[in-house]
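The block underneath contains the structure these notes are about, expressed in structure tokens.
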Amino acid sequence: MIPVPAEQPLVAIIGRANVGKSTLFNRLTRSSQALVANIPGVTRDRHYASLTWDDHSVLLVDTGGLVGGEEDLSGMVRQQAEAAIDEADAILLVVDGRQGPQPGDAEVVDYLRRTAKPILMVVNKIDHPGLEVQVPEFYQFGLEHLHPVSATHGQGLSGLLEALGEVLPPPRELPAEADGIRVAIVGRPNVGKSSLINYFLGEERLLVSPLPGTTRDTIDTQFSSEGVDYVLVDTAGLRRPSHVDRGLERQMVLKTIKALARAEVAVLMLDAAEGLTGQDLRIIGLIEDQGKGCLVLVNKWDLVRHEVKEAKTLLDKATSGLEFMAYAPVLPVSVATGYNLRRVFPLIATIHAQGGTRVGTGELNRLLKTITERTPPPRYRDRPVKFFYLTQPEVQPPTFVAFVNQPDGVPDHYRRFLVKQLREKLGLTYAPLRLILKGRQRRIPGQK
């Protein structure tokens, strides 16, 4: 059996409009990313991210972002709670500490309490000691876990995370039901995800319909191609938050997020006629956040009328905006006619193999020396920036840690240059590489 990672618990942030849900989400996820990797990325609208601290790792979801809109308390919170009932392992209920308890809060707390999920009430906007006198008012709701914080200034978050860690369930080991490379098929509704799997299976294993949103759950399907085993995960199509207007479809979004979290390679399907949309970029953001290797399939190529000379222009137009994930191969296909589908699984196998590549420390440091001597980093505050040591602690994705005397002095463009050089020199054309910079004043641990 293949080793299957533990599933991340899901923590949902719930609350009325303007209480600071997104601010709390951004503060927590920025803190986590800075602690773990300090990886600069593309600015985008995200509503879910991995949060890691101490020995805990969760998938944090800003439910306000998933639902969209600024609705009244009863409407919005009830809609968010519907999705949290089945999916969340813990709930952060955010309230406004400056305004104090509001009409309807008791009803919301009672509703959430019936979900049997651990609830931590986060009293936000406690920005200075004078406001702490209002916190006891929230004890009237009878919740054991009450935490005053300032999401804007980052105050009280360490205590909140400590309490959250105490109520989280132990990590759930996903059942190793089948051997093979785990592949998540993702994309907007009605781009041909289920049809793709049915094509390879040679049967109507998954329900196919022209109506968007037909697939209601993630479905694991075993498949073998050219002697390689795969586990295919067909996921519900992600929609724009404003279109996710029912509890069922919000659960579909969360299931898609979870499916990607446990996949090793993502296959993103685009519509050739529509090209790359804002919602596609939202999905790509999730793939990149989780460090998944990715194959982009531009489906319905048979419906796009073009001459051979125009094919490249049309393909470039359909994928314009993917520059920040340029390592992902792009393949025009037609599930209806079978065009180019024979190339899909060899590419997936290559992406997976490159993502699992581990490079010896000696080779990495010889390469680092060659790169930095040929193109030195720019000076920082009139001091040279020196790279001492490079190591690779993780695979899937290949993650490299560089020890440098001034991590803050390495500009983004030079970081991108290093990643590009590593990718080219190591032959990791299709792998998402991560480069982490850490401060150190000596070349090798233990060396004087």
Flag if residue 287 is in contact with a Pro (Cβ under 8 Å, 6 or more places away or on another chain), assigned to a helix (DSSP H, G or I), crowded, with 20+ Cβ neighbours inside 10 Å and assigned by TED's automatic domain parsing to the domain that holds residue 231: no
Please go through the stretch 124-152 and give me each residue that is hydrophobic (A, V, I, L, M, F, W, C) and closer than 18 Å to residue 167 by Cα, ordered by number. 143, 146
Among the residues of the stretch 331-346, is any modelled with pLDDT of 90 or more, among the charged types (D, E, K, R) and surrounded by fewer than 22 Cβ atoms within 10 Å (Cβ to Cβ)? yes
Based on what the data block shows, is residue 321 in contact with a strand residue (DSSP E or B) (Cβ under 8 Å, 6 or more places away or on another chain), part of a loop (DSSP other than H, G, I, E, B) and at pLDDT below 90? no
Of (1) under 30 Å from residue 199 (Cβ atoms); (2) of a type in the set (A, V, I, L, M); (3) under 30 Å from the mean Cα position of the chain (by Cα), residue 390 fails just (1)
Taking the stretch 379-394 as the search range and keeping residues that are among the hydrophobic types (A, V, I, L, M, F, W, C) and assigned to a strand (DSSP E or B), which one is surrounded by the most Cβ atoms within 10 Å (Cβ to Cβ)? 390
Across the stretch 132-170, what is the number of residues that are exposed (fewer than 14 other Cβ atoms within 10 Å of the Cβ) and among the aromatic types (Phe, Trp, Tyr)? 1
Hey, any hits in the stretch 400-407 for a residue that's free of Cβ contacts under 8 Å to residues at least 24 places away in the same chain and more than 26 Å from residue 290 (Cα to Cα)? no
Among the residues in the stretch 15-34, are any more than 23 Å from residue 435 (Cβ to Cβ), assigned to a strand (DSSP E or B) and either outside the structural domain of residue 102 (by TED's automatic domain parsing) or modelled with pLDDT of 75 or more (or both)? yes
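For (1) of a type outside the set (A, V, I, L, M, F, W, C); (2) outside the structural domain of residue 263 (by TED's automatic domain parsing); (3) buried (at least 18 other Cβ atoms within 10 Å of the Cβ); (4) in a loop (DSSP other than H, G, I, E, B), each residue gets a yes or a no:
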position: 369; (1), (2), (3), (4): yes, yes, no, no
position: 372; (1), (2), (3), (4): yes, yes, yes, no
position: 377; (1), (2), (3), (4): yes, yes, yes, yes
position: 428; (1), (2), (3), (4): no, yes, yes, yes
position: 432; (1), (2), (3), (4): yes, yes, yes, yes
In the set 314, 331, the lone residue that is under 23 Å from residue 191 (Cα atoms), in a helix (DSSP H, G or I) and not assigned by TED's automatic domain parsing to the domain that holds residue 423 is 314
Taking the condition among the polar types (S, T, N, Q) and under 22 Å from the mean Cα position of the chain (by Cα), does residue 375 pass? no
Reported set for the stretch 81-115 where residues are surrounded by fewer than 21 Cβ atoms within 10 Å (Cβ to Cβ), modelled with pLDDT under 85 and under 20 Å from residue 258 (Cβ atoms) is 82, 85, 86, 87, 115
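The values are calculated or read from the model by the stated rules, or taken from the named source; none is laboratory data. Since we're looking at a predicted model, the values are computed, not measured. We place every Cβ from the backbone using ideal geometry, glycine too, and count neighbours over all the protein chains shown.
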